[in-house]
Amino acid sequence: MGAVKKFDAIVIGGGIAGASVAAFLADDGLSVTLLERESSLAYHTTGRSAALFTPYYGPDSMRAFGGLSRNFLESPEFDSEVEILSERKTISLVDKANSMTVDRPPKSVWLDESEFLNRVPFLKPGRYVGAVLDTQVASIDVHALHSVYVQALKNRGGKVVTDAEVTKITLAPSDIWEVEAGGQRYESAIVVNAAGAWGDEIAKLAGISPIGLIPKRRTIVVVSSDQFDGINFDDLPFVIVEPDYLYFQQFGVGQLMISPIDQTPSVPCDAQPDEVDMAVTVARLEDVSTLKIKRIDHSWAGLRTFSSDGDPVIGWEPEVPGFFWLVGQGGYGVFTSPAIGRYAASLISSAELPYAYKSHGFPFESLSPDRFRLDSLVGFS
Ligand SMILES: Cc1cc2nc3c(=O)[nH]c(=O)nc-3n(C[C@H](O)[C@H](O)[C@H](O)COP(=O)(O)OP(=O)(O)OC[C@H]3O[C@@H](n4cnc5c(N)ncnc54)[C@H](O)[C@@H]3O)c2cc1C
């Protein structure tokens, strides 16, 4: 093991959460190192998402962060000129039973059957009374967004270390964290836990109680249009079959990406698609459409990790100096990453938050891990 490397902050996890907070911390003037276990960044959940910006989806906390992220996604900070967003309308198909309860985001439009069949001609007619067209959704270039953060971090002197699995985290009596990763020792007064599905494992390594994170597996199946006569997936919207039955969208050139919207609890792992979930995906697509699937071209699964109340966990571990939680982004961690990264970095570096956060009205401080430590707080009083 070489000489100890010292930083103002150590960020564990090279997905979108770790990369974004590391970039904003470096922008606030801190020296930062980002430690990632895998040989490439964004290998786990971040590289496996449906890549959508859906500001009216998820709990209020994520809708708040989604709204606050819009400016960054439309025009990224950090001197970057890349295009992150591209147009992707969403339609949610509803049958009679769900027509009154389906979400209708602001500026959404109701489509009758002829209008939605015009956009998705291979749906079976006569099944749905209509569809909600959400015009405020967009596709995200996740790789480009992640690269904006990583480049910003590096441009500000930050370090990115891959093949660096954190295996030991010790708090020295001086309140400095000693971290071992990939055969190297690091020291910092601040450790940021952005390890996604492994968030509780990182806490345990540091001698801190887990908060009960629940990783949930979601499956994606990809089929190519060349197996269907005369079907073209170009310009297809993102289609959701309510309630939580199926979604699909155009993917790459001439391909369709389909998910059965599964959420099967899992241990933290390199998630793989399950044969039964893939079969269910195919059966549901054939149920709602005239397509007959002869071949699955590609598939994957990813873990969407939730806290027990469904909100993200962003804040300092109470009673332990310098341990910061940034986990539990569930199915919303990509599109909210600009605002969550900025918010988390401000708590860590004490930088002032942009006015938009203060005027927003959402109680962001309620997302702190304090809410899972009530027993110990009661015990203290
Ligand atoms: C199928 C699917 C569809 C989705 N669709 C969307 C969508 O449309 N829009 C959206 O915003 N979100 C979506 N999400 C959710 C989004 O992908 C996640 O919220 C986000 O990627 C979580 O990022 P993360 O950085 O927390 O986790 P991860 O990307 O998993 O990163 C955590 C990292 O920590 C590393 N790590 C763990 N332990 C250690 C250790 N001991 N040492 C070093 N490194 C360690 C891991 O290797 C991993 O790279 C979707 C997710 C899935 C699975």
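When 26, 97, 51 are checked against the criterion of being more than 19 Å from residue 151 (Cβ to Cβ) and more than 16 Å from the ligand (Cβ to nearest atom), 97 stands alone in meeting it. The strands (runs of 3 or more DSSP E) falling completely within the range 192-278 that include 1 or more residues that are polar (S, T, N, Q) map to 214-224, 246-251, 255-259. Within the range 61-74, residues that are at negative phi have Cβ atoms under 6 Å from residues that are of a type in the set (Ser, Thr, Tyr) in these pairs: 62/332; 62/336; 65/336; 66/336; 69/336, counting only partners at least 6 apart in sequence or on another chain. Restricting 77, 81, 38 to residues that are within 11 Å of the ligand (Cβ to nearest atom), assigned to a loop (DSSP other than H, G, I, E, B) and on the phi < 0 side of the Ramachandran plot narrows the list to 38.
Taking residues in the range 351-368 that are without any contact (Cβ under 8 Å) to a residue 60 or more places away in the chain, and partners anywhere that are β-branched (Val, Ile, Thr), the pairs with Cβ atoms closer than 9 Å and at least 6 places apart or on different chains are 368/313; 368/314.
Looking only at residues that are surrounded by 13 or more Cβ atoms within 10 Å (Cβ to Cβ) and not charged (D, E, K, R) in the range 111-127, which one is farthest from residue 256 (Cα to Cα)?
Step by step, filter the range 111-127, then rank; the result is 111.
Count of the range 309-352 residues, restricted to those that are over 18 Å from the mean Cα position of the chain (by Cα) and either closer than 30 Å to residue 262 by Cβ or part of a helix (DSSP H, G or I) (or both), is 4. Scanning the range 294-325 for residues that are near the ligand (Cβ under 8 Å from one of its atoms) and out of contact with any Pro (no Cβ under 8 Å at 6 or more places or on another chain) yields one hit, 302. Here residue 282 passes the criteria (1) under 24 Å from residue 190 (Cα atoms); (2) in the same structural domain as residue 95 (by TED's automatic domain parsing) except the one numbered (1). Scanning the range 297-319 for residues that are surrounded by fewer than 17 Cβ atoms within 10 Å (Cβ to Cβ) and either modelled with pLDDT under 95 or not small (Gly, Ala, Ser) (or both) turns up 297, 298, 300, 309, 318, 319.
Restricting attention to the range 329-366, the residues being buried (at least 24 other Cβ atoms within 10 Å of the Cβ) and either in contact with an Asp or Glu (Cβ under 7 Å, 6 or more places away or on another chain) or in the same structural domain as residue 219 (by TED's automatic domain parsing) (or both) number 1.
Mind checking which pairs have a first residue in the range 187-216 that is within 14 Å of the ligand (Cβ to nearest atom) and a second that is basic (Lys, Arg), Cβ under 8 Å, 6 or more apart or different chains? As it stands, the answer is 205/168; 210/204; 215/304; 216/304, since those pairs meet every condition given.
The values are calculated or read from the model by the stated rules, or taken from the named source; none is laboratory data. As the structure is a computational prediction, the values presented were derived from the model and not from experiment. Note that each Cβ is placed from the backbone with ideal geometry, even for glycine, and that neighbours are counted across all protein chains shown.
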